[in-house]
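Presented below is the structure to which this report refers.
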Amino acid sequence: MDQNSKIYIAGHNGLVGSALLTSLKEKGYRNLILREEGELDLTRQEATERFIRSCKPEYVFICAARVGGIHANRTYPADFYYINAMIANNLIHSAYQNKVTKLLFLGSSCIYPREAPQPLKEDYLLSGKLESTNEPYAIAKIAGLKMCEYYKSQYGCNFISAMPTNLYGPNDNFNLNTSHVLPALIRKFHDAKINKAEKVVIWGTGKPRREFLYIEDLAEALIFLMQNYNETEFINVGTGEDITIHDLALMIKEIVGFQGNLEYDSVQPDGTPRKLLEISRLRALGWEPKISLRDGIRMTYQWFTSNRHKLRL
Ligand code: GFB
């Protein structure tokens, strides 16, 4: 992939796609193909095939997805399965038909079995039952990454998959019904500070552990993998460190400057107890994340306060 390569970023307005677009532009890539959701519906097979046939991208990053936190995953299981499965089917098959040079598909750490040993090695895929709160999303993502393997094996396509851990950063979703925990807590603590509330309610027990990767680090990793990784097996992308939801809440509370208390709502689900990625395969290639959790939360909080008036919450 060089600066003149024709690169299509599917989902360039989302958390991942927007960070990738910024990184590619900063590195001088100038032949970028982008389509708004209203212009191209990636769940429609014909429209997707027509688009890939007419644009003929050389490189494709599949960042488009229906994503959300634990509550959204449980509320919309059909949507999380259907939209993600259709995007994978349509884009991967069209990329094969139109001889795309290389494609990168994105999964998620929730593809691993709920009870798998930690840290999660790539080999643990399909070795046990999935966590129920995100099974539909995980099944669609597993299908996508397996598709990349099958198209490589049958047709020799250079289609690879990256498995990122929980992501966060500027442009995240701060809607409390659909967001992931980190943006949800930034918003809850900020609103509680402004409203001088006594407490902030945290879902679940606070005991689950999660690993968080700042979105700019992920964007760097995706470009690195597009340039350096050609194996059939997917590869984990994380920091190698995790934290309990309780400690995460304390960190965000301090960064935001909220003085009140935490209260746990154990009626809400905890989800999977832990999902820490094993990242030795990525490290061996020479890639490391650069941004600490504390710095990443500070930058995300700053983005949130500067953009809050524009967000549809
Ligand atoms: O980030 P999150 O929604 O999703 O929740 P998962 C992580 C943990 O934070 C859970 C707790 O134990 C939640 O109960 N939590 C505490 C909260 N307070 C809150 C809150 O205010 N909002 C939210 N959202 N959580 C998702 C999957 O799982 O992770 C997706 O459902 C995807 O499919 C994504 O894989 C990366 O980490 O549990």
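The values are calculated or read from the model by the stated rules, or taken from the named source; none is laboratory data. From a predicted model like this one, the values you see are computed outputs, not experimental measurements. Every residue, glycine among them, receives a Cβ derived from its backbone with ideal geometry; neighbour counts consider all protein chains shown. SASA here: full protein model, heavy atoms, side chains in, ligands and nucleic acids out. Shrake-Rupley method; radii C 1.70, N 1.55, O 1.52, S 1.80 Å.
Taking loop as defined by DSSP and a crowding limit of 11 other beta carbons within 10 Å, which trypsin sites (Lys or Arg not before Pro) in the range 142-234 fit? Answer in residue order: K196.
Any of K290/K310; K102/K146; K99/K152 with alpha carbons more than 19 Å apart? Name them for me. Among K290/K310; K102/K146; K99/K152, the Cα-Cα distance tops 19 Å for K290/K310. Estimated purely from DSSP H runs of n ≥ 4, each contributing -39500 (n - 2.57), the mean residue ellipticity at 222 nm for the chain is -13500 deg cm²/dmol once divided by its residues. The apolar share of the surface of the chain, taken as the fraction of accessible area on carbon and sulfur atoms (1.4 Å probe, ligands and nucleic acids excluded), comes to 46 percent.
Largest first, the residues K207, K6 sort by 1.4 Å accessible area into K207, K6. Taking all protein chains into account, the per residue accessible area for the chain stands at 46 Å² (1.4 Å probe).
Take every DSSP beta bridge whose two residues both sit in the range 7-310; close to 5 percent of them are antiparallel. For the range 35-47, 3J(HN,Hα) computed residue by residue from phi via the Karplus equation (6.51, -1.76, 1.60; θ = phi - 60°) reads 9, 6, 4, x, 7, 9, 9, 6, 7, 9, 4, 4, 4 Hz, glycine and proline entered as x. Across the chain, the relative contact order, built from alpha-carbon pairs under 8 Å that are at least six residues apart, equals 19 percent.
For the peptides 213-225, 50-62, the ranking by mean Cβ contacts within 10 Å, running from highest to lowest, is 213-225, 50-62. Against the main long axis of the alpha-carbon atoms of the chain, helix 77-97 sits at an angle near 30°. When each of the peptides 155-166, 120-131 is scored by how many other beta carbons lie within 10 Å of its residues on average, the order from highest to lowest is 155-166, 120-131.
Among D295, D270, D79, the residue with the largest mean-square fluctuation in a Gaussian network model of the chain, with springs joining Cα atoms closer than 10 Å, is D295.
Packing order of peptides 38-48, 18-28, highest average first: 18-28, 38-48 (average count of other Cβ atoms within 10 Å over each peptide's residues).
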